[in-house]
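To start, the structure under review is shown below, and the notes come after it.
The values are calculated or read from the model by the stated rules, or taken from the named source; none is laboratory data. Given the structure is predicted, the values throughout are model-derived calculations rather than measurements. Here the Cβ positions follow ideal geometry from the backbone for every residue, glycine too, while neighbour counts run over all protein chains shown. Side chains are part of the model used for accessible areas, which takes the heavy atoms of the whole protein and leaves out ligands, DNA and RNA. Shrake-Rupley method; radii C 1.70, N 1.55, O 1.52, S 1.80 Å.
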Amino acid sequence: MTRLLIVEDEPSLRRNLERGLEEEGYEVALAASAGQARGALAQQPDLIVLDLMLPDGDGVDLLREFRSTQHWQPVLILTARDSVEDRVAGLDAGADDYLVKPFSFDELVARLRALRRRALDGQSLLSVGGLQVDRLRRTVSRSGQLLYVSNRQFDLLTYLMQNANSVVTREMIARDVWKEDTATWTNVIDVQIAQLRRKIELPGLPMVLHTVRGQGYQLGNPP
């Protein structure tokens, strides 16, 4: 599921966007200010919809700050500012698209789909030790053999591959994949890891998913 951060201070529009985009299949997080948006970045959204007129700062300045701190998620500016100068300033600050209010919801959804496709084009295929994940087609294979995994296992494996050759703790998985407190989900995570291991570890091939005692898990080279 694509994680989408909406930075919009107008309450009714924020609620409408949340409801409509959740119906489109997005996992939506909300921020009503620049300060809230900074905090929401910790959840690593895949896409950002950004209003420029925020109660505690200018959206263009916030966008420059995002880019200066190496946050490269695609950003669509959604604003009432419609001058050429405003568009140029937003795009020069690092925006990937610019849509003026009032707007068509269908056009917004289409633009978000296009941004997501472009973002994944360069990183849709993840590969570690002969294990390959295609994020666009949501398929998993190893040494050319197609493997079946559940949606949750796919998200878990993708996360492990994005952190390949590094230890990933249960706390990190609970926070970034389950979006829950680790105390609730530790046993569930262990079960999903065990089931995932049975599916991706094939006879005659080296082990690729390692347990690091007392710490968590590591995909790739042995710890």
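Between Asp96, Asp82, Asp176, find the one with the highest GNM mean-square fluctuation for the chain; connect C-alpha pairs within less than 10 Å.
Judging by the Gaussian network model, the answer is Asp82.
Run through the DSSP bridge list for the chain and note the antiparallel percent, rounded to the nearest 5. Could you put the intermediate results ahead of the total?
On the way: 19 of 35 bridges.
DSSP beta bridges in the chain are roughly 55 percent antiparallel.
Indicate the gyration tensor shape class of the chain (rounded, prolate or oblate), computed on the Cα atoms with a ≥ b ≥ c the square roots of the eigenvalues: a/c under 1.5 is rounded; otherwise a/b larger than b/c is prolate and the rest oblate.
prolate
Which value in deg cm²/dmol, rounded to the nearest 500, describes the helix-derived mean residue ellipticity at 222 nm for the chain, given -39,500 (n - 2.57) per DSSP H run of n ≥ 4 and division by the residue count? Kindly include the intermediate steps, with their values, before the conclusion.
Numbers: 8 runs with 91 residues, N = 223.
So the calculated ellipticity at 222 nm is -12500 deg cm²/dmol.
Given a 1.4 angstrom probe, I'd like the percentage of the accessible area of the chain that is carbon and sulfur, rounded to a whole number.
49
Where the centroid of each part is defined by its Cα atoms, how far is segment 48-89 from segment 186-223 in Å?
41
Relative to the present Cα-Cα distance, how much length would full extension add between Val100 and Ser12 at 0.36 nm per residue of separation?
On the way: separation 88, 0.36 × 88 = 31.68 nm, distance 1.72 nm.
Here the segment from Val100 to Ser12 would lengthen by 30.0 nm.
Within 10 Å, count the other beta carbons around each residue, average over each peptide in 43-51, 189-197, 207-215, and list them highest first.
Numbers: 43-51: 21.3, 189-197: 16.7, 207-215: 13.6.
Highest-to-lowest ranking by the protection proxy: 43-51, 189-197, 207-215.
Keeping every protein chain present and rolling a 1.4 Å probe, give me the accessible area per residue for segment 75-223 in Å².
Details: 7890 Å² over 149 residues.
I get 53 Å² per residue for segment 75-223.
Once the Cβ-Cβ distance between Ala194 and Trp72 is put in as r, and R0 is 41 Å, what FRET efficiency do you end up with, to the nearest 0.05?
Values: r = 34 Å, r/R0 = 0.83.
The pair Ala194/Trp72 has a calculated efficiency of 0.75.
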